[in-house]
Amino acid sequence: MKNLTEGNITDAVLKAIDGTKDARAKEVMSSLIRHLHAFVKDVQLTQDEWEGAIEYLYDTGQITGPTRNEFILTSDTLGISSLVDIINSNPDGGTEASVLGPFYIEGSKMVEIGTNLIGDSEGEPTVVSGIVRTLGGDPIEGAIIDVWQTAANGLYENQDPEQPENNLRCKMLTNKDGYYEFTTIKPVSYKVPTDGPVGRMLDLQGRHAWRPSHLHYKVSADGHRNLITEVFCEEDEYIEEDAVFGVRKSLAVPYKKISSEEEAKKYGISSPFYRVEFDFELETL
Ligand code: BEZ
Ligand code: FE
């Protein structure tokens, strides 16, 4: 009988999974085992620390449900979700992807170009517009822009029973020029949920939970790769220290303050208001 030691246990586990039929599964699991074993050896993990890790996973499972996924939030706050986005986005260029986040809802209402989403929401009026194009620069007609954001209190409609259904979220089709436009409130920076294991982890690491203000987008068009991304306000105080590492330089844009009452009237709002323009480039499939 072979004696298992710190020096040979990794090979023993790798040998045990040698029969894995799916080649990709074997590659991924072998690498995971090698890296986890190397990590445990590197830090010489103690029994208490191992128990702490198991407790973290247990608590993460307990708090996770249909409307909250603490596993994803763990991945987000450790930069794993963004690393996967970076590895898998842009083989041929195009707008960079960013995290979906847990607050997306399918089936938002479809509205006309130019719709005002503000309703009873408090906040600074903002006109958002842009063009959806191919990588070659041709406008895409009929692309679906699906957008969602928080209210001024930093909560998404589906986190906050006080907000009406569908508040500050919509879908819209681009016109023949690839153009989209809507009026909303200026997004605010907000904290990711800290009342679960992720909050404990952030505390332990001496980190804050803030995300810089952003609009979430899902952009899709026939024959093109779906894009999930975010557009950030470049002047936001947290732009360099997003708790979930979603910011990319190309996704951070200025919010231009406009004081003209005449301009504001065109959008049925009052001045001052903000204008933000962002064009999307979709890869062809
Ligand atoms: C969000 O932007 O909605 C979000 C992203 C990752 C974790 C939590 C929230
Ligand atoms: Fe968000």
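Specify the residue that is farthest from the chain's Cα centre (by Cα); the eligible residues are those in segment 58-82 that are among the β-branched types (V, I, T) and under 16 Å from H208 (Cα atoms). Step by step, filter segment 58-82, then rank; the result is T74.
Of the strands (runs of 3 or more DSSP E) that lie entirely inside segment 169-262, those containing 1 or more residues that are without any contact (Cβ under 8 Å) to a residue 40 or more places away in the chain span 227-233, 256-258. Using the structure shown, decide if T134 is in contact with a helix residue (DSSP H, G or I) (Cβ under 9 Å, 6 or more places away or on another chain) and either modelled with pLDDT of 95 or more or more than 16 Å from ligand 1 (Cβ to nearest atom) (or both). When the stated conditions are applied, T134 does not pass them.
All conditions but one from (1) buried (at least 17 other Cβ atoms within 10 Å of the Cβ); (2) closer than 19 Å to A252 by Cα; (3) within 16 Å of ligand 2 (Cβ to nearest atom) apply to E181; the one that does not is (3). When each of E122, E141, E165 is tested for being surrounded by fewer than 21 Cβ atoms within 10 Å (Cβ to Cβ), in contact with a helix residue (DSSP H, G or I) (Cβ under 9 Å, 6 or more places away or on another chain) and in the same structural domain as V219 (by TED's automatic domain parsing), the lone residue that passes is E165. When E157 is tested against the conditions (1) away from ligand 1 (no atom under 16 Å from the Cβ); (2) modelled with pLDDT under 95; (3) more than 22 Å from R248 (Cα to Cα); (4) of a type outside the set (S, T, N, Q), the lone failure is (1).
Considering only segment 82-114, how many residues are within 12 Å of ligand 1 (Cβ to nearest atom) and either touching a His at 6+ places or on another chain (Cβ under 6 Å) or among the acidic types (D, E) (or both)? First the steps, then the outcome.
Taking segment 82-114 and keeping what is within 12 Å of ligand 1 (Cβ to nearest atom), we get 82, 85, 98-105.
If we keep only those that are either touching a His at 6+ places or on another chain (Cβ under 6 Å) or among the acidic types (D, E) (or both) as well, we get 85.
The qualifying residues number 1.
Evaluate segment 68-90: report whether one residue or more is of a type outside the set (S, T, N, Q), within 16 Å of ligand 2 (Cβ to nearest atom), touching a Pro at 6+ places or on another chain (Cβ under 8 Å) and part of a strand (DSSP E or B). Scanning segment 68-90, I find at least one residue that is of a type outside the set (S, T, N, Q), within 16 Å of ligand 2 (Cβ to nearest atom), touching a Pro at 6+ places or on another chain (Cβ under 8 Å) and part of a strand (DSSP E or B), so the answer is yes.
Against the condition assigned by TED's automatic domain parsing to the domain that holds G142, away from ligand 1 (no atom under 16 Å from the Cβ), closer than 30 Å to G136 by Cα and among the small types (G, A, S), how does S250 come out, does it pass? Spell out how you get there, then give the answer.
Working: assigned by TED's automatic domain parsing to the domain that holds G142: yes; away from ligand 1 (no atom under 16 Å from the Cβ): yes; closer than 30 Å to G136 by Cα: yes; among the small types (G, A, S): yes.
Criteria met by S250.
The values are calculated or read from the model by the stated rules, or taken from the named source; none is laboratory data. The model shown is predicted, which means the values in this text are computed figures rather than measured ones. Backbone-built Cβ (ideal geometry, glycine too); neighbour counts: all protein chains shown.
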